[in-house]
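The values are calculated or read from the model by the stated rules, or taken from the named source; none is laboratory data. This one's a predicted model, so the numbers in the text were calculated from it and none came from an experiment. When we count neighbours, we look across all protein chains shown, and the Cβ atoms used for this are built from the backbone with ideal geometry, even at glycine. Just so you know, the surface numbers come from the protein's heavy atoms only, side chains and all, with ligands and any DNA or RNA stripped out. Shrake-Rupley method; radii C 1.70, N 1.55, O 1.52, S 1.80 Å.
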Amino acid sequence: YETGQFSDALAKFEQAMAADGTDRASRRNLALTKAQVAWGYLEDGGYADALRTFAEADLVQPGEGGVLQGLGAAHYKLGNVAQAEVFLERALDADPNLATALKLLGEIAYRRDDLEDAGAYFASAFRLDPSDAVVRDRLERVRAEARAQAGFRTLEGRHFTVRFEGRESLIVAQDVMRRLESAYRDVGRQWGAFPDGRVPVVLYTDRTFRDLAVTPGWAQGMFDGKIRIPVGGAASRGRRLDDAVRHEYTHALVHARTRGNVPTWLS
């Protein structure tokens with residue numbers, strides 16, 4: 001186990017358990033080794049095999065934080081976000097210092113536009129490892145978006161949640177909501193597919209969008225788990241706005257149908 005030969009270690013720990021199934025050390029060693037094998041599956045893209053092996057480890061040693069973290073990670077990769085969140089929170093209950101669980105919960109909160117929880121999770125992960133540049137960048141982005149969205153209002157629809165800036169933008173937000181619902185019907189009818197739950201949408205001024213979005217200057221929107229659209233002068237660019245809404249909604253639907261496992265080149 002210590003030299004990373006997890007398959008060999010697994011066989012020996014299974015022999016030890018067969019000899020004495022009541023030995024606590026052997027039981028924990030077997031569970032942790034199964035978890036290491038499962039992490040290998042996860043890194044190689046074998047998400048279903050990883051989930052099965054983490055589940056076996058959890059049966060051997062219920063409540064082990066690292067194993068629960070692995071179960072959450074496997075569910076996350078498979079797009080089972082609700083199950084992932086349950087296991088990741090249980091993992092943190094068992095061990096509050098699990099960086100992967102903190103980062104994944106941060107991503108889940110961020111993608112549903114819960115910037116407060118996302119910031120808290122990423123901040124905790126960053127405190128554990130201040131050298132983690134990815135976490136630092138995510139934390140900075142979440143904080144920048146929180147500043148940009150301070151005072152934003154929310155319009156709840158049947159299939160979308162639209163956040164927008166200022167009372168005067170309500171008409172624009174309602175217009176975008178109508179276009180989104182039209183895209184939901186038309187694209188869904190064409191594909192025979194619909195996303196689960198509400199899709200988060202954020203409307204920005206042109207300047208704020210350019211400040212926050214990592215996109216070319218010509219981009220009319222983006223999707224990164226949330227649909228983001230600049231709406232400066234939107235009322236005077238009806239067809240252009242409609243194209244942007246449908247384009248970004250299609251990204252969201254591809255993401256939903258593939259559970260986030262879509263090649264970057266296709267997006």
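What to note about this one:
- Looking only at residues in region 53-108 that are β-branched (Val, Ile, Thr) and within 17 Å of Ser124 (Cβ to Cβ), the one that is modelled with the highest pLDDT is Thr100.
- Cβ pairs under 6 Å, 6+ apart, first in region 58-76 and within 18 Å of Met17 (Cα to Cα), second open to solvent by less than 30 Å² (accessible area, probe 1.4 Å) and at pLDDT 95 or above: Asp58/Val67
- Residue under evaluation Phe126, criteria (1) touching a Leu at 6+ places or on another chain (Cβ under 6 Å); (2) in contact (Cβ under 8 Å) with a residue 24 or more places away in the chain, criterion not met: (2)
- Among residues of region 43-57 being charged (D, E, K, R) and either in contact with a Leu (Cβ under 6 Å, 6 or more places away or on another chain) or exposed (fewer than 11 other Cβ atoms within 10 Å of the Cβ) (or both), the one that is farthest from Ala73 (Cα to Cα) is Asp44.
- Residue check: Ser131 meets all listed conditions (1) in a helix (DSSP H, G or I); (2) at pLDDT 95 or above but one, namely (1).
- Of all residues assigned to region 71-78, none qualifies as being closer than 16 Å to Arg28 by Cα and of a type in the set (A, V, I, L, M).
- Considering residues of region 220-241 that are surrounded by 15 or more Cβ atoms within 10 Å (Cβ to Cβ) and of a type in the set (A, V, I, L, M) only, the residue modelled with the lowest pLDDT: Ala234
- Boolean, Asp113 is open to solvent by 10 Å² or more (accessible area, probe 1.4 Å), part of a loop (DSSP other than H, G, I, E, B), touching a residue at least 24 places away in the same chain (Cβ under 8 Å) and not small (Gly, Ala, Ser): yes
- Helices (runs of 4 or more DSSP H) wholly inside region 4-93 containing at least 2 residues that are under 27 Å from Asp117 (Cβ atoms): 24-43, 47-60, 65-77
- Number of the condition not met by Ala150 [criteria: (1) surrounded by fewer than 18 Cβ atoms within 10 Å (Cβ to Cβ); (2) within 25 Å of the chain's Cα centre (by Cα); (3) closer than 15 Å to Val245 by Cα]: (3)
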